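The values are calculated or read from the model by the stated rules, or taken from the named source; none is laboratory data. All of these numbers come straight from a predicted model, not from anything done at the bench. Heads up, the Cβs are rebuilt from the backbone with ideal geometry, glycines too, and the neighbour counts pull from every protein chain shown. The area values use the complete protein model at the heavy-atom level, side chains included, leaving out ligands, DNA and RNA. Shrake-Rupley method; radii C 1.70, N 1.55, O 1.52, S 1.80 Å.
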Amino acid sequence: MGIADLPFSKESAFPIKRFIFILTLFISGFCGISYEILYSRALGNIIGNSFVLNASILIMFLLGIGIGTKIAHKLEGYLWLIEASIGLYALLFIALYPSLDAFFYQVLPAGNILLTILACALLLCIPTVLIGCSLPLFADLFQEMIPGKIFDLSYMIYNFGASVTAFAIEFYLIRSYGIMQTLAIILCLNFLSGLLLVGFFRKSKTVRELKDSISFPPRLLAALCLLSIASAIFQLLAIKIAEFIFGPFHETFAMVVSLVLLGIALGSLLSRYLKLSFGFFTISSTFFLVLILALFQPLVFRYAAFYAHFSESTLIVLKMLILACFMLWLSIGFGAAIPSLLTSDESEVAKESGHLLFVSSLANAFGYLLMVLYIHSHFNYGQILLIILSLLALAAVIYDWPNRKNMVLVSIALFLGLGAYLSLWNENLLYLSYKAFSREDTLRQKMGEYKWGSQYRKYEDVFSINKVGDQEFFFINGYISMALNSAAEYMVGTLSSLVSPRTQHALVLGLGSGSTGSTVTQVFDKTDIVEINPVIVEHQDDMKEHNFNIAHDPRAQIILDDGIRYLKNTPQKYDLILNTVTSPLYFSSSKLYTVDFFRHIKSRLKPDGVYTTWIDNRIGEEGFKIILKSLHSEFKYAWTAMIRSSYFLLLCSNQPIALHQQEAIEKNTVLKEFFMNKHGRSLDSIKYAIVSTDTFGFLDEHSETQNIDLNSIDKPNLEFAMSALSPDANIDPFKHYLEKNYSIEQMRAQIPADPLKLATHFTQLQSNSSFIKSFIRQAYQADPKLGQPLEARLLREYQLAWEQHPSLETGKQYAQWLERYRKKVLANQVWRKMFTLFPEEGYVYYKMSKLFREENDIQNAELYLKKALDKSPDNQDYRYTLAEMYFEQHRFLDSEEQLQTLLKQAPAYHQARYRLGRLYYFQEDFDRAEKSFAKALSFQKENELYTYWMGRSLFAQKEYKAAKSYFERSLKQDPESKETLKWLKKSILSEI
């Protein structure tokens, strides 16, 4: 008699056999979630990452698994075959994967989204249904080994396996083996699972009397549906918030999924051993949501405070701890739901659990659709937490109706949740960029600079125009780009057009604010602009002052699609292709830096066409080397243009590059007037941004790049490098290469290099960067007579720009450069002239107020400052200056009124806290002064003024020891301060 023929009873289920069964169940859970991750990434690499396609893949998984759980009981005795079939299907998927690309882009009609979705559904229906069958059948088999209530134990083991998967897939397997080899490893595990089942647990199908149907009370199913909808909404919300804080990476997604599955496993464990009810988990989850609303801000500040104490390799531990504080108990509550609802004997565990899992899966799919199609677009994230709280409260009431105690408890939770949202929740934290969370002082500084944001949401995407300081920034899904009014993006479009062999047809990948694409549109006969995000396309009119009103330009065609998908579909050949999508720091964008993508680019360029893409300091040394080496695998020539000291444009081609369109660009009246009026620049100077005509030479000088792996779709090494970046990441070796190899004489062969114009261009960048100054020094070395003439030349250029193109920007630049060179009288004359030309501009009134203040004409200074505020009532700098003016006049009540108004607008404006402290100090209200200085110090801990005045406040209250410590801190920042030293001595003597 063989092992498979052993009697199947409790007595025969010896420990080794139980261990093998548990191992097999763990492996099945490990494999189940693996396929969801790997199939999604593999298909996304073929058909793109648009929302519609991503949503269809996820919903197919939810529905397929739901159907599988529903029909699982009909397949009792065939679990081994199901596990083997899952692996066999994966093997077929790998074998046919190269043909899928041809199928989607040659067999199916180009651009037909519905047929693409249907094809994905057909591809995934078999494996998802089979995966759904596994858990109920494992529970049924386990129940016969260990009679009694066993589903919760099976559910726990299965989800522990799945939780481990999410980590192993993202942090080890894909990084080591790539997507396809990882899929091959997983299918081998499935075959192993099937072999273990057929070797140890295969038996004839048990003949039992089964109930015709499984019936659960309607209120119980309704409660489960509400909880499952809340679960789906919360999981998507957790992913979005994690992206905003940790960064929009695949590893962020993996951490959230892993914790959700771990929570489900722990929930099953608690349900089994503590016998806690569905009602307990639901009600406790409502109170946990109250804690999230109340403690979210302190939690993320703790993350920022601890960030610097963790290395790149251990930072994942900190992130997981923060995420666990945010979401683990809710995940436990969701995980405990189904085990706590099953009947006590579980006589038909496969059928009962399958029915509940089916209901839960359908409700999950509905919750996902509800979140992405409506809730996410209409509510902010704090409000969504309140919606989840309300759904859970309703589930608790329905489950135990008419239990009044539950009604009272959930009412208290709802009341506390609303109070926490109104008084403690800080939505603005989510719009600072994930880079702001790398240091506590940086986070506080960013909060202080953030003024307001116009947020737009659609599906799973968030786009915002953020007002930070005096500038507006473009924000998308946790990533913040550069200022909208910066000249940089227009320079990218102009420089790219400058080297294009013709101006017939251009392709721009990424619409964003529209500034780059619209610049290209001014030069080319026709420009196609591809954007994946519908919310950005829909709100182009909100940025029309920054994009030449591109949405209504007949020369521009805006196409809503994934860039890779579009390149595969279009037959068009282009003179220029410009990649202006978000940085590879944003995980979806990293695919646009793979050798596969560069190959697609090359196939869509004309033989002498040019491809341009950008990089910046934040991608780090390893990230830069990966990108450059991957580019060089497909392109022979590359130039580099420096947009700013930390921002570069790479211009690539397989034919020698040249300034083909120099004359056409310099004669373009629209761009000429735009650059002069808005940025005070002449078009003929932009070509001097090119600082290298041999960019790939960097690879020859750095032999270690030979050991760098290329970035590919299957093995996205760049994405992994981005997720491991430190806050101090830079591309200094490349900058040193540019600096060392730059030569005006050599550049003259490609670019007319006038030392005076070159020095003028780099001086106009207004940077204190030693890197930029090195290029100015080279200009001086080429023409030693530049010194004084350069200053005169710059002033003359700004003067001509102001006289020939009088605008707010040219006037500001001319006046500011006059002030820089200490020509105060002339500068004041320009400001006064601007006042007569632009009487509606608040900024001009503000500058006039400063002039009157310098002349001691306080009455007019106040009058003009109030007029500036009338025109720009939300300008915090104007209001702060008015409060400061009142303070100097000892009009303390008026000053306090302005400061309190300012703090209502911007609670993180720490200068206002400091000024309030000074005000209270001079009124001898030392206690309130101390509190105000303490709040200011919470934003800037080591500010020498804040610590000094905090010491003064404490000294006035005779707290000499505490005062001494603050004076000592102030002296560390400003050791030369005689005033601080005097008060330090006083505090020491007073303490004695």
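Quick notes on this one:
- Residue count, the stretch 367-385 (criterion: within 18 Å of V290 (Cβ to Cβ) and assigned to a helix (DSSP H, G or I)): 5
- Any hit, the stretch 530-540, residues being part of a helix (DSSP H, G or I), within 25 Å of E666 (Cα to Cα) and touching a residue at least 40 places away in the same chain (Cβ under 8 Å): no
- Residues (more than 21 Å from W329 (Cβ to Cβ) and open to solvent by less than 20 Å² (accessible area, probe 1.4 Å)) located in the stretch 362-388: A365, Y368, V372, I375, H376
- When the stretch 291-317 is filtered for residues that are open to solvent by 20 Å² or more (accessible area, probe 1.4 Å) and either over 18 Å from D441 (Cα atoms) or not assigned by the TED database to the domain that holds G247 (or both), the ones remaining, listed by number, are L291, A294, L295, S311, E312, S313, T314, I316, V317.
- Going through (1) β-branched (V, I, T); (2) within 22 Å of the chain's Cα centre (by Cα); (3) open to solvent by less than 10 Å² (accessible area, probe 1.4 Å) one by one, T582 falls short only on (3).
- Remark: A962 falls outside the filter, which requires a residue to be crowded, with 19+ Cβ neighbours inside 10 Å and either within 42 Å of the chain's Cα centre (by Cα) or at pLDDT below 90 (or both).
- Those residues of the stretch 828-870 which are outside any loop (DSSP other than H, G, I, E, B), acidic (D, E) and within 42 Å of the chain's Cα centre (by Cα), in sequence order: D870
- Screening S28, S9, S34, S40 for residues that are among the hydroxyl-bearing types (S, T, Y) and modelled with pLDDT under 80 leaves exactly one candidate, S9.
- Residues within the stretch 505-529 that are in contact with a strand residue (DSSP E or B) (Cβ under 9 Å, 6 or more places away or on another chain), touching a residue at least 60 places away in the same chain (Cβ under 8 Å) and not hydroxyl-bearing (S, T, Y), tallied: 9
- Test for I564: is it crowded, with 24+ Cβ neighbours inside 10 Å and touching a Leu at 6+ places or on another chain (Cβ under 6 Å): no
- In the stretch 954-971, the residues that are of a type in the set (D, E, K, R) form Cβ pairs under 9 Å with partners that are assigned to a loop (DSSP other than H, G, I, E, B) and loosely packed, with under 15 Cβ neighbours inside 10 Å, at six or more places apart or across chains, as follows: R969/K941; R969/E942.
- Checking R681 against (1) open to solvent by 10 Å² or more (accessible area, probe 1.4 Å); (2) more than 16 Å from A487 (Cα to Cα); (3) not in a helix (DSSP H, G or I), the condition it does not meet: (2)
- Some residue of the stretch 259-281 being hydroxyl-bearing (S, T, Y), open to solvent by 60 Å² or more (accessible area, probe 1.4 Å) and in the same structural domain as Y399 (by the TED database): yes
- Residue list for the stretch 937-957, filter: modelled with pLDDT under 90 and surrounded by fewer than 17 Cβ atoms within 10 Å (Cβ to Cβ): S938, K941, E942
- Within the stretch 687-715, the set of residues being closer than 30 Å to A436 by Cα, assigned to a loop (DSSP other than H, G, I, E, B) and open to solvent by less than 30 Å² (accessible area, probe 1.4 Å) comprises N711, S712, I713.
- Some residue of the stretch 485-504 being of a type in the set (D, E, K, R), open to solvent by less than 20 Å² (accessible area, probe 1.4 Å), under 22 Å from F598 (Cβ atoms) and in contact (Cβ under 8 Å) with a residue 40 or more places away in the chain: no
- Pairs with Cβ under 9 Å, 6+ apart, first in the stretch 91-111 and modelled with pLDDT of 75 or more, second open to solvent by 40 Å² or more (accessible area, probe 1.4 Å) and of a type in the set (F, W, Y): L91/F191; L96/F103
- Screening L718 with (1) of a type outside the set (S, T, N, Q); (2) open to solvent by 10 Å² or more (accessible area, probe 1.4 Å); (3) more than 12 Å from V691 (Cα to Cα) gives one miss only, at (2).
- Pairs, first touching a residue at least 12 places away in the same chain (Cβ under 8 Å) and closer than 17 Å to K715 by Cα in the stretch 617-630, second of a type outside the set (A, V, I, L, M, F, W, C) and surrounded by 19 or more Cβ atoms within 10 Å (Cβ to Cβ), C-beta under 6 Å, six or more apart: I626/N711; I626/N717; I627/Y593; S630/N711
- Apart from one condition, A749 fits all of (1) open to solvent by 30 Å² or more (accessible area, probe 1.4 Å); (2) part of a helix (DSSP H, G or I); the exception is (2).
- Filtering the stretch 645-661 to residues that are assigned to a strand (DSSP E or B) and surrounded by 20 or more Cβ atoms within 10 Å (Cβ to Cβ) leaves F648, L649, L650, L651, C652, S653.
- Pairing each residue of the stretch 769-780 that is within 16 Å of Y737 (Cβ to Cβ) with any residue that is among the aromatic types (F, W, Y) and open to solvent by less than 90 Å² (accessible area, probe 1.4 Å), provided the two are 6+ apart or on different chains, yields C-beta distances under 6 Å for I772/F762; F775/F762.
- Any hit, the stretch 395-408, residues being open to solvent by 50 Å² or more (accessible area, probe 1.4 Å), assigned to a helix (DSSP H, G or I), under 23 Å from M327 (Cα atoms) and touching a residue at least 12 places away in the same chain (Cβ under 8 Å): no
- Here the condition is being out of contact with any Gly (no Cβ under 6 Å at 6 or more places or on another chain), surrounded by fewer than 21 Cβ atoms within 10 Å (Cβ to Cβ) and touching a residue at least 40 places away in the same chain (Cβ under 8 Å); of D553, D596, it holds for D596 alone.
- For the residues D894, D877, the requirement of being in a helix (DSSP H, G or I), in contact (Cβ under 8 Å) with a residue 60 or more places away in the chain and under 26 Å from Y914 (Cα atoms) singles out D877.
This table checks each residue for (1) out of contact with any Leu (no Cβ under 9 Å at 6 or more places or on another chain); (2) assigned by the TED database to the domain that holds F922; (3) modelled with pLDDT under 85.
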{"residue": "H805", "(1), (2), (3)": "yes, yes, yes"}
{"residue": "L808", "(1), (2), (3)": "no, yes, yes"}
{"residue": "Q813", "(1), (2), (3)": "yes, yes, yes"}
{"residue": "R822", "(1), (2), (3)": "yes, yes, yes"}
{"residue": "L826", "(1), (2), (3)": "no, yes, no"}
{"residue": "Y864", "(1), (2), (3)": "no, yes, no"}
{"residue": "T881", "(1), (2), (3)": "no, yes, no"}
{"residue": "Q889", "(1), (2), (3)": "yes, yes, no"}
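- When the residues of the stretch 526-549 are filtered to those that are surrounded by fewer than 24 Cβ atoms within 10 Å (Cβ to Cβ) and modelled with pLDDT of 95 or more, the one that is farthest from Q662 (Cα to Cα) is D528.
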